[in-house]
Amino acid sequence: MTRIIAGAAGSLTLAVPDAGTRPTSDRVRESLFSALEAADLVQDAAVLDLYAGSGALGLEAISRGAARADLVERAPRAASVAERNARAIAKAVPGAHVYVHRGSADAYLRAATATFALVFLDPPYEVGETELSATLALLVPRLTPGATVVIERASRSGAPALPPGLVHDRAKKYGDTTLWWVLAN
């Protein structure tokens, strides 16, 4: 069971796709959002959740005070689940601005005009380093100065290669998962 951990929609149960996604565990999300809130990176932020799956990361940000969240998901079933979860959040958080975009992360980034202060990337493990690097390069123009990007990868994958405009900040390992914190410079 996946749920919103804290904020205006705390304890709200989220639907998850029946296959093809790897939801971020509650323990990892709780730790991640504790760190993000301690750094005052969530309140009023424009958030982008690429490879959104159920949308749990972007929706958690909305529950905790983010101004808007754009959820991008290519898989039709997962996008439908993200839309259902976005509607549930909208009921729990009046005035929430959540947008679900059906399509690939790269296609979204090529067409987007908005900029974001906080970005979550949780690509499927089969997304290779070359593909991830290309997506990160497309992301750079969509970032506000000093934006934070959190990349969730298998711990065995190692540090992602970063394009110009992004620098490594830190990494935190949670068993088989590592969160890589990256900053826009």
Taking the stretch 1-33 and keeping residues small (Gly, Ala, Ser) and farther than 20 Å from VAL93 by Cα leaves ALA19, GLY20, SER25, SER31
One residue is enough: does the stretch 11-25 have a residue meeting the conditions modelled with pLDDT of 95 or more and of a type in the set (S, T, N, Q)? no
Filtering the stretch 140-181 down to residues that are at positive phi and at pLDDT below 95 yields GLY158, GLY175
Per the filter on the stretch 152-173, residues within 17 Å of THR24 (Cα to Cα) and either aromatic (Phe, Trp, Tyr) or surrounded by 14 or more Cβ atoms within 10 Å (Cβ to Cβ) (or both) are GLU152, ARG153, SER157, ALA171, LYS172
If we take the stretch 98-185, then strands (runs of 3 or more DSSP E) inside it with 3 or more residues that are small (Gly, Ala, Ser) are 143-154
query = If we scan the stretch 94-107, do we find a residue that is closer than 20 Å to THR135 by Cα and free of Cβ contacts under 8 Å to residues at least 24 places away in the same chain?
reply = yes
query: In this structure, is LEU50 touching a helix residue (DSSP H, G or I) at 6+ places or on another chain (Cβ under 7 Å) and more than 19 Å from GLY7 (Cα to Cα)?
result: yes
Scanning the stretch 67-84 for residues that are within 13 Å of LEU48 (Cα to Cα) and either hydroxyl-bearing (Ser, Thr, Tyr) or part of a strand (DSSP E or B) (or both) gives ARG68, ALA69, ASP70, LEU71, VAL72, GLU73
Answer with yes or no whether ARG87 is assigned to a helix (DSSP H, G or I), within 22 Å of VAL16 (Cβ to Cβ) and without any contact (Cβ under 8 Å) to a residue 12 or more places away in the chain.
yes
Of ARG3, ARG27, the only residue that is basic (Lys, Arg), surrounded by fewer than 17 Cβ atoms within 10 Å (Cβ to Cβ) and within 16 Å of VAL150 (Cβ to Cβ) is ARG27
Of the residues in the stretch 37-66 that are part of a helix (DSSP H, G or I) and in contact with a strand residue (DSSP E or B) (Cβ under 7 Å, 6 or more places away or on another chain), the one that is farthest from ARG142 (Cα to Cα) is ALA56
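The values are calculated or read from the model by the stated rules, or taken from the named source; none is laboratory data. Fair warning: this is a prediction, and the values are worked out from it, not measured in the lab. Using ideal geometry, Cβ is built from the backbone for each residue, glycine included, and neighbour counts are taken over all protein chains shown.
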